[in-house]
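Undergrad: Dumping the structure here so I can ask a few things about it.
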Amino acid sequence: MGEIDDAIERADQEGFTRQPPKTLQARINFLMKQLKTTKAVAAELGVSQRSVERYRKGERKHPPKAITERIDAAVRARGQPQVRRRRRKQAATTRGITVETRARFGYTAPIGTIDDGRFRRLTVHLPPPTYAQRLFHARDAGAGDQQMRQIIAEGLKEIYFQDGGARALGLSDVTLNDIDYLDLDY
């Protein structure tokens, strides 16, 4: 997964209204409800079917750290799908997204202006929901991190650098490089 995928995943989890199950047994039972069979849960987690049965019965309570992390990831990935869908729909239709990042921005500008890329720390709300919509569609279509970076860069160009058409009208291209961190909120 890329930086943008990770940021979308974190934003999804921040919007949860209810915490996922806490105990190992409850998490396995939650996965059983979602995937229906111990074989499917075992395949998802990369463990044997017998291990899943032991976790479910409470015979084994402390799996290795790597397996615990896979269980946590599987539970979080399936948790509260309606909440995720509702928040994404609101972002893509009315609210837009907020991007917080520290990255190197480069841009193409008219001759005589400074166009050297430099690190900037930005927190910008992209109110046009079209950017959120494009970002979610690109992710669902399996777009690479570079494509999703370009969507965010276009939004930052319009809202931050050009201030909705009030300045820097000659700015033709903005790139988002060397991301130190990137968080999304919607």
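The values are calculated or read from the model by the stated rules, or taken from the named source; none is laboratory data. These numbers were taken from a predicted model, which means no experiment stands behind them. Here the Cβ positions follow ideal geometry from the backbone for every residue, glycine too, while neighbour counts run over all protein chains shown.
Undergrad: Return yes or no: is Asp163 surrounded by fewer than 18 Cβ atoms within 10 Å (Cβ to Cβ), over 19 Å from Thr123 (Cα atoms), out of contact with any Ser or Thr (no Cβ under 8 Å at 6 or more places or on another chain) and of a type in the set (Asp, Glu)?
TA: Judged against the criteria, Asp163 is not a match.
Undergrad: Looking at the structure I just gave you, is Thr38 of a type in the set (Ser, Thr, Tyr) and free of Cβ contacts under 8 Å to residues at least 12 places away in the same chain? It would help to see each step written out before you state the result.
TA: On the way: of a type in the set (Ser, Thr, Tyr): yes; free of Cβ contacts under 8 Å to residues at least 12 places away in the same chain: no.
Judged against the criteria, Thr38 is not a match.
Undergrad: Which members of region 99-113 meet the condition of being of a type in the set (Ser, Thr, Tyr) and at pLDDT 80 or above? Even if it seems obvious, please write down each step before you answer.
TA: First pass over region 99-113, keeping only residues of a type in the set (Ser, Thr, Tyr): 101, 107-108, 113.
Answer for region 99-113, where residues must be of a type in the set (Ser, Thr, Tyr) and at pLDDT 80 or above: just Thr101.
Undergrad: Out of the residues in region 114-124 meeting the condition of being surrounded by 12 or more Cβ atoms within 10 Å (Cβ to Cβ) and assigned to a loop (DSSP other than H, G, I, E, B), tell me which one is modelled with the lowest pLDDT.
TA: Asp115
Undergrad: Then there's this: Using the structure shown, decide if Thr23 is free of Cβ contacts under 8 Å to residues at least 24 places away in the same chain, among the β-branched types (Val, Ile, Thr) and over 16 Å from Asp72 (Cβ atoms).
TA: For Thr23, the condition - free of Cβ contacts under 8 Å to residues at least 24 places away in the same chain, among the β-branched types (Val, Ile, Thr) and over 16 Å from Asp72 (Cβ atoms) - is not met.
Undergrad: Taking the condition within 25 Å of the chain's Cα centre (by Cα) and over 28 Å from Asp180 (Cα atoms), does Glu53 pass?
TA: Spelling it out, it is not the case that Glu53 is within 25 Å of the chain's Cα centre (by Cα) and over 28 Å from Asp180 (Cα atoms).
Yes or no, residue by residue, for (1) touching a Cys at 6+ places or on another chain (Cβ under 9 Å); (2) surrounded by fewer than 18 Cβ atoms within 10 Å (Cβ to Cβ); (3) under 17 Å from Thr93 (Cα atoms):
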{"position": "Leu126", "(1), (2), (3)": "no, no, yes"}
{"position": "Arg134", "(1), (2), (3)": "no, no, yes"}
{"position": "Gly142", "(1), (2), (3)": "no, yes, no"}
{"position": "Arg149", "(1), (2), (3)": "no, no, no"}
